[in-house]
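Q: There's a structure below that I have some questions on.
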Ligand code: SIN
């Protein structure tokens, strides 16, 4: 396995205090909070709004209703997380969430108003109370993205688009400890070809690059979400934890058996407003499965749908239906972008059943970090979906992620403005470099969807392992360096770690479901660390 992405030699170097990789809610919040005191460069491999934040529909979870309580939100988050949450982190997130909503409002975010003139709240799976703040009906992420984009530019953060963070620069402190000294960056043209390569030296590198939904053939995530930051951290030897817990959203719009890439999300808020899941034979999917029925936590709904599809009711084994007709004409104004996605494929959600299926949605694991972003590697910070802070455990509670991005992002930025790690010069880097040819990406994604999806069987995991080993043999230093080959290599790196962790965890818990070990086991109420890009597992 290559320990570095192959690229042309660097021809420039710049220095800053803090470099942030990624431009979703988390990365922008870091930059905004650090900027008043620090010189901050924020790089993103695409345009600022190309990541997952822009696509988030449901909203941000926060206790704003006087009839709700912090304790309720903590309890719901811990229950969804299936025994692997860090309660201190959960409590911190939940307690700071209402402030984060007020902060975004002050920055200009226009959240949908409720009947009482306050902020409207809705419900999603796993929540015992209405506490999801939304904007533009189902365009909550877009409102957060726009608000933070404008604030970051106004604050004077240096933003560099089409800049790909390749690998961390590593040096050593006086005690001989490995430390992050900056990041090597490829500047790309609009086609993703490399224009130049250079080094940004920095006291702190913050990874906020999101998850890796594109490792699967079908995902709610946009094309840019390829696990770049997690792969870069793995190659540098940072601790990666809980990577087997991939949350599958129960309902993306099903448009045919061969649909690949980003699929239109049908927000859980649609079920929050009363929609019900049926199979093709007209039987309810969630009746008798869980006390919260269609609003059960997401892992339970996705697994129930997958099981029902495998039984092929009325001969249909690849989708079920969402009946949202009870919402009536209000559907169009409450869910404008979902309405538009449905109409494109000839479905009118006011009158028709919506065909839906689960798809990869959120990485609950990632770079091990606390809510101030501190990781196992000095000088490396991680935040948002790229990080694993213990807030989500084995299954994230709906709409806790945008909230985490803003809460943790602001905490990381604030803490970096208070103090920075020491200045370290990069040492000579003699790690082996290579790239996976971009055209092999389809095989990788197909294998992951077939064998490492909602339900994971032992022979499927073995088959995925074998395919990945074959792909590793194709990694070569002479492959042309482009955005596509960087991404393909990063996807392979995270896939190797994911398959190793999913194979090692011989139980079913949260969003990791094994067909051969169908129960959660007390001895597995612990985390798995992956600390090597080859997928070496260290149980904690
Ligand atoms: C949704 O709107 O269903 C997605 C919200 C989330 O993933 O938190």
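Q: I want to confirm something. Restricting to segment 249-274 and keeping residues that are near the ligand (Cβ under 8 Å from one of its atoms) and part of a loop (DSSP other than H, G, I, E, B), which single residue is modelled with the highest pLDDT?
A: For segment 249-274, the residue satisfying everything is 266.
Q: Something else: Please indicate, with yes or no, whether at least one residue in segment 283-290 is part of a strand (DSSP E or B) and more than 28 Å from the chain's Cα centre (by Cα).
A: yes
Q: Right, next: Here is a list: 31, 50, 56, 62. Which entry is closer than 28 Å to residue 489 by Cα, within 16 Å of the ligand (Cβ to nearest atom) and under 23 Å from the mean Cα position of the chain (by Cα)?
A: Just one listed residue meets the conditions, 56.
Q: Then there's this: Can you confirm whether segment 296-316 contains a residue that is in contact with a helix residue (DSSP H, G or I) (Cβ under 7 Å, 6 or more places away or on another chain) and surrounded by fewer than 21 Cβ atoms within 10 Å (Cβ to Cβ)?
A: Checked against the condition, which is being in contact with a helix residue (DSSP H, G or I) (Cβ under 7 Å, 6 or more places away or on another chain) and surrounded by fewer than 21 Cβ atoms within 10 Å (Cβ to Cβ), segment 296-316 yields no hits at all.
Q: Please go through segment 321-378 and give me each residue that is assigned to a loop (DSSP other than H, G, I, E, B), closer than 15 Å to residue 271 by Cβ and touching a strand residue (DSSP E or B) at 6+ places or on another chain (Cβ under 8 Å), ordered by number.
A: Of segment 321-378, the ones assigned to a loop (DSSP other than H, G, I, E, B) are 324, 328-329, 335, 345-353, 364-365, 369-373, 375-377.
Next, from what is left, pick out any that are closer than 15 Å to residue 271 by Cβ: 324, 335, 349, 353.
Selection gives 324, 353.
Q: If residue 96 satisfies all but one of (1) in contact with a helix residue (DSSP H, G or I) (Cβ under 6 Å, 6 or more places away or on another chain); (2) within 16 Å of the ligand (Cβ to nearest atom); (3) modelled with pLDDT of 95 or more, what's the number of the condition it fails?
A: Evaluating residue 96 over (1) in contact with a helix residue (DSSP H, G or I) (Cβ under 6 Å, 6 or more places away or on another chain); (2) within 16 Å of the ligand (Cβ to nearest atom); (3) modelled with pLDDT of 95 or more leaves (2) as the failure.
Q: Only one of these conditions is not met by residue 501: (1) under 27 Å from residue 162 (Cβ atoms); (2) buried (at least 20 other Cβ atoms within 10 Å of the Cβ). Which number is it?
A: (1)
Q: More than 16 Å from the ligand (Cβ to nearest atom), closer than 16 Å to residue 384 by Cβ, touching a strand residue (DSSP E or B) at 6+ places or on another chain (Cβ under 7 Å) and modelled with pLDDT under 95, is that true of residue 42? Give the derivation first.
A: Working: more than 16 Å from the ligand (Cβ to nearest atom): yes; closer than 16 Å to residue 384 by Cβ: yes; touching a strand residue (DSSP E or B) at 6+ places or on another chain (Cβ under 7 Å): yes; modelled with pLDDT under 95: no.
The answer is no for residue 42.
Q: Test of understanding: among 219, 260, which residue is in contact with a helix residue (DSSP H, G or I) (Cβ under 8 Å, 6 or more places away or on another chain) and surrounded by fewer than 24 Cβ atoms within 10 Å (Cβ to Cβ)?
A: Just a single option satisfies the conditions, and that option is 260.
Q: Still on this structure, please answer the following. Being more than 16 Å from the ligand (Cβ to nearest atom) and crowded, with 21+ Cβ neighbours inside 10 Å is the requirement here; does residue 14 meet it?
A: Considered against the rule, which asks whether it is more than 16 Å from the ligand (Cβ to nearest atom) and crowded, with 21+ Cβ neighbours inside 10 Å, residue 14 comes out as no.
Q: Let me ask another. Among the numbered criteria (1) in contact (Cβ under 8 Å) with a residue 60 or more places away in the chain; (2) more than 16 Å from the ligand (Cβ to nearest atom); (3) over 18 Å from residue 233 (Cβ atoms), which one does residue 378 miss?
A: (3)
Q: Can you list residue pairs whose Cβ atoms sit under 7 Å apart, with the first residue in segment 253-275 being closer than 19 Å to residue 219 by Cβ and free of Cβ contacts under 8 Å to residues at least 24 places away in the same chain and the second being part of a loop (DSSP other than H, G, I, E, B) and within 15 Å of the ligand (Cβ to nearest atom)? Count only pairs 6 or more apart in sequence or on different chains.
A: Cβ pairs passing all conditions: none.
Q: Quick one: is residue 393 within 18 Å of residue 28 (Cβ to Cβ) and crowded, with 24+ Cβ neighbours inside 10 Å? First the steps, then the outcome.
A: On the way: within 18 Å of residue 28 (Cβ to Cβ): no; crowded, with 24+ Cβ neighbours inside 10 Å: yes.
The answer is no for residue 393.
Q: Does residue 442 fit the bill of being under 29 Å from residue 216 (Cα atoms) and either modelled with pLDDT of 95 or more or more than 15 Å from the ligand (Cβ to nearest atom) (or both)?
A: Yes; evaluated as a whole, the condition is true for this residue.
Q: Now for a separate question. Within segment 468-509, work out how many residues are within 30 Å of residue 125 (Cα to Cα) and in contact with a strand residue (DSSP E or B) (Cβ under 8 Å, 6 or more places away or on another chain).
A: Of the residues in segment 468-509, 10 are within 30 Å of residue 125 (Cα to Cα) and in contact with a strand residue (DSSP E or B) (Cβ under 8 Å, 6 or more places away or on another chain).
Let's see how each residue does on (1) over 16 Å from the mean Cα position of the chain (by Cα); (2) within 16 Å of the ligand (Cβ to nearest atom):
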position	(1), (2)
197	yes, no
200	yes, no
208	no, no
221	no, yes
224	no, no
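Q: Hey, can you tell me all the residues within segment 99-136 that are at positive phi, at pLDDT below 95 and either under 19 Å from the mean Cα position of the chain (by Cα) or within 14 Å of the ligand (Cβ to nearest atom) (or both)?
A: Residue satisfying the conditions is 126 alone.
Q: Sticking with this one: Looking only at segment 230-248, count how many residues are within 15 Å of the ligand (Cβ to nearest atom) and either more than 18 Å from residue 215 (Cα to Cα) or surrounded by fewer than 22 Cβ atoms within 10 Å (Cβ to Cβ) (or both).
A: 0
Q: Return yes when residue 71 is within 27 Å of residue 245 (Cα to Cα) and free of Cβ contacts under 8 Å to residues at least 12 places away in the same chain and no when it is not.
A: Working: within 27 Å of residue 245 (Cα to Cα): yes; free of Cβ contacts under 8 Å to residues at least 12 places away in the same chain: yes.
Here the answer is yes, as residue 71 does meet what is asked.
The values are calculated or read from the model by the stated rules, or taken from the named source; none is laboratory data. Model, not experiment: these values are computed from the prediction. Cβ sites come from the backbone with ideal geometry, for glycine too, and all protein chains shown count toward neighbours.
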